[in-house]
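The values are calculated or read from the model by the stated rules, or taken from the named source; none is laboratory data. Because the structure is a prediction, the values reported are computed rather than measured. We place every Cβ from the backbone using ideal geometry, glycine too, and count neighbours over all the protein chains shown.
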Amino acid sequence: MVYWYNLVIGGHRTPPFKIVIFSLKEVMNFQTSIKTCFQKFSDFNGRASRSEFWYFYLFAILGYFILIFLAIQMSFFFAIAIIFGLILFVPSLAVTARRLHDTGKSGWWQLTAYIPYVSIIASIILLVIFCTEGEKKKNKYGKPIKLKR
């Protein structure tokens, strides 16, 4: 960890207080998130941070938009878009289940978005759950995630 100490008159370094500027333990960025989600593609246990979840879905949405744009130009890319969707299917279910675990909910909650006549309300509720901060204490799904900014 990198600390910043307040200097006192006389040139002596006395730490009356310390401020943590940043930590090099673990940072979940765009690349790390994608790599983590593909490494844990079938792991429905544990917890996923908000950044891991949202970066992975950003990757999926950007990939779909690019492939659909290319598919409009050349029809061959429709097949690639379908393959891309099939490749992302299980990892997206897994990261969604881990994200729900981080908030203390069961991973089965994600299936409520597919119930007819309930799906719109359930999707809004799930979106709110995905945006909320995870539990800071240990829950039945594991220890809290400690990511430094």
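Residues that are surrounded by fewer than 16 Cβ atoms within 10 Å (Cβ to Cβ) and at positive phi are absent from segment 123-135 altogether.
If you check G104, G142 for being over 20 Å from T32 (Cα atoms), modelled with pLDDT under 95, touching a Lys or Arg at 6+ places or on another chain (Cβ under 6 Å) and surrounded by fewer than 16 Cβ atoms within 10 Å (Cβ to Cβ), only one passes: G142.
Against the conditions (1) at pLDDT 90 or above; (2) in contact with a Leu (Cβ under 7 Å, 6 or more places away or on another chain); (3) aliphatic (A, V, I, L, M), M28 satisfies every one except (1). With respect to the stated conditions, T96 is assigned to a helix (DSSP H, G or I), at pLDDT 95 or above and not basic (K, R).
The condition of being surrounded by 14 or more Cβ atoms within 10 Å (Cβ to Cβ), aliphatic (A, V, I, L, M) and within 12 Å of the chain's Cα centre (by Cα) holds for only one of A97, A113, that being A97.
Restricting to segment 65-88, name every residue that is out of contact with any helix residue (DSSP H, G or I) (no Cβ under 7 Å at 6 or more places or on another chain) and either at pLDDT 95 or above or part of a helix (DSSP H, G or I) (or both). Please lay out each step first, then the result.
Of all residues in segment 65-88, those out of contact with any helix residue (DSSP H, G or I) (no Cβ under 7 Å at 6 or more places or on another chain) come to 65-66, 69, 72-76, 79, 82-83, 85-87.
The answer is F65, I66, F69, I72, Q73, F76, A79, I82, I83, G85, L86, I87.
The test for being on the phi > 0 side of the Ramachandran plot and either within 14 Å of the chain's Cα centre (by Cα) or in contact (Cβ under 8 Å) with a residue 24 or more places away in the chain (or both) does not hold for G107.
Would you check if E52 is part of a loop (DSSP other than H, G, I, E, B), touching a helix residue (DSSP H, G or I) at 6+ places or on another chain (Cβ under 8 Å) and either surrounded by 13 or more Cβ atoms within 10 Å (Cβ to Cβ) or at negative phi (or both)? Judged against the criteria, E52 is not a match.
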